[in-house]
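First up is the structure itself, then whatever we jot down about it.
The values are calculated or read from the model by the stated rules, or taken from the named source; none is laboratory data. None of these values were measured; they are calculated from a predicted model. Note that we place each Cβ from the backbone using ideal geometry, even for glycine, and neighbour counts take in every protein chain shown. When the accessible area is computed, the model is the full protein with side chains, heavy atoms only, and any ligands, DNA or RNA have been set aside. Shrake-Rupley method; radii C 1.70, N 1.55, O 1.52, S 1.80 Å.
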Amino acid sequence: MRVCTRRRLQTLRMWLLIVFLSLHLLVVSLVLSMYHSSCEPHSHPDIQTSISFFIQNTSTSTNTMAAAESVTHKVEIDSAADDLSKLEALFSHPLYNMPTPPVPDGDWLLKVRTKRKDEERSTQQWLSANEDGYDPILWNASAETHPPWLRFHLGISRWQMYQHKDPNLSALTQQLASHRIVSAVQKSGGTQLKLVMSFRNYGKALFKPMKTDLKENATSECRQERHEETNVNLYYFSDFERHNAEIAAFHLDRILGFRRVPPVVGRLINVIKEIKDITTDHKLATTFFTSPVGNACFYGQCSYYCSTEHALCGRPVMIEGSLAAMLPDLSLAQRRSWKSPWRRSYSRSKLALWETDNNYCDSIRKVPPYDRGTRLVDLIDMSILDFLMSNMDRHHYETFEKFGNDTFLIHLDNGRAFGRHSKDEPSILAPLVQCCRVRRSTLLRLRLLSLPAYRLSDVVRASLSQDPLAAVAPLLTESHLSALDRRLATVIQTIQDCLEQHQHHSDVIYDDITDYPWA
């Protein structure tokens, strides 16, 4: 009985095993069948049409974007060419090419004369025109061999820093932008660091580097980029000096027809090779260091912004800056510094007298040198320039002492200009508003620059595009350029208000171009 029971159990187990294996094989076959089916391509017209349409759209979109970029690039090229043609037309306009009499010998700042060095040969030497015993610097007899900076000095006259179409200007700016620097020392004085750069041919330039600040965590640096505005909480006398403002001021001054700012050009400087390795200034040399992110930095010594927190840093070794051609040495051409009658109080709580007295100009007109000649209208020219570029830091100006009171004003130190584009500062125009006096030539050029064919923003953009640093980034943003047009309209309207307030136009207009036939 037990034997039968065991056989039945074994038979049952065998059948169960067979059933399990059969089910397992069935499941495996079904899975394999489904896998092969999924791998076979099926024809779904709707899906294929959608995929084809997507591919076509993607291709069309890519082509459209490429075409749009090409069109945009072409528009930019055409716009730049149009701006350059406007600039060329402006400088060819009769207002910029008025016939002028020859400059008298006494109206040149420096002069060249022949002097025998010994019995066998003669050279030329340039001296101060008053020849008060200055040590001569000997040069070759041919004027063509004079280096550009010397030709610049020899071209300074009583009424302008350089001539309208000065053939030496291009050579001078090219030298500033590319020639090898052989020495770099710190310029004494001032609230911010400036360096005097020397070239192989004895030329010198004032270098103002792009401002950088190390953050508190000392892991990176920040700088006032082109598009950034000055902090609204900063007073005008606490603002940073901007290298691009110095460059733009030179171009704007030239476009206005003043020609009273020394030539300035932008340049990338190697902090190590072109400053640290060649400096003979021990105090400057001790301030170089490498930032935590590996950038070469230095800070020099000055009144306010010379510390590790306000260090000037390269990226990693190259730093932007402006190079301004330096004026003749004071031993050759003395300069006189004048306090501006409309200088600010440089106080957080006090106002200057001109800010509270509407009749302030009446008293200024009675005081030399503003009581005669062109000094007052020259000062008003300077205030117009400052208003256009929003420069509130004009506390002094200089003149060449040789020419006395009858000479142009030198427009130096423009680094605090172009700080804000969203706000205009009407108080900068106080000399014009309070005195209601302006040169006829200045008014005519302002009106010309307000016309679409010579629009101020367009010609400034074109002029700045020729600076080497424009390849890095535009020196002025479009917001700053638009602000120029807006402020120009304000200046013209201010002059128009003055004309309406006075019975005789001659009370407002100082007629310095009586023979100009087109106005």
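Observations on the model:
- Ranked order, ARG375, ARG447 - accessible area, probe 1.4 Å, largest first: ARG447, ARG375
- Near-label residues of the stretch 462-483 by backbone N, under 14 Å of a point 7 Å along Cα→Cβ of ASP82: 462
- FRET efficiency, 1/(1 + (r/R0)^6) with R0 30 Å, evaluated for SER479 and LEU351 via beta carbons: 0.50
- Of all accessible heavy-atom area on the stretch 400-475, the percent that carbon and sulfur account for (1.4 Å): 53 percent
- Evaluating 6.51 cos²θ - 1.76 cosθ + 1.60 at θ = phi - 60° for every residue in the stretch 342-348, the Karplus couplings come out as 9, 5, 7, 6, 6, 10, 7 Hz, glycine and proline recorded as x.
- Difference of contour (0.36 nm per residue) and Cα-Cα distance, GLU500 to ARG336: 55.3 nm
- Point-to-point label distance, ASP406-LEU12, nm (Cα→Cβ direction, 7 Å offset): 13.8 nm
- The charge dipole of the stretch 246-362, taken about the Cα centre with unit charges on the Cβ atoms of Lys, Arg (+1) and Asp, Glu (-1), comes to about 160 debye, rounded to the nearest 20.
- Gain on full extension, evaluated as 0.36 nm per residue between ARG200 and ALA171 minus their Cα-Cα distance, stands at 8.9 nm.
- Accessible surface, 1.4 Å probe, highest first, among residues HIS243, HIS505: HIS505, HIS243
- Gain on full stretching of the segment that runs from THR490 to LEU23 - 0.36 nm per residue minus C-alpha separation: 158.6 nm
- Distance between the 7 Å Cα→Cβ label points at ASP424 and ARG343: 2.8 nm.
- Per-residue SASA entry for THR308, accessible area with 1.4 Å probe, Å² rounded to 10: 60 Å²
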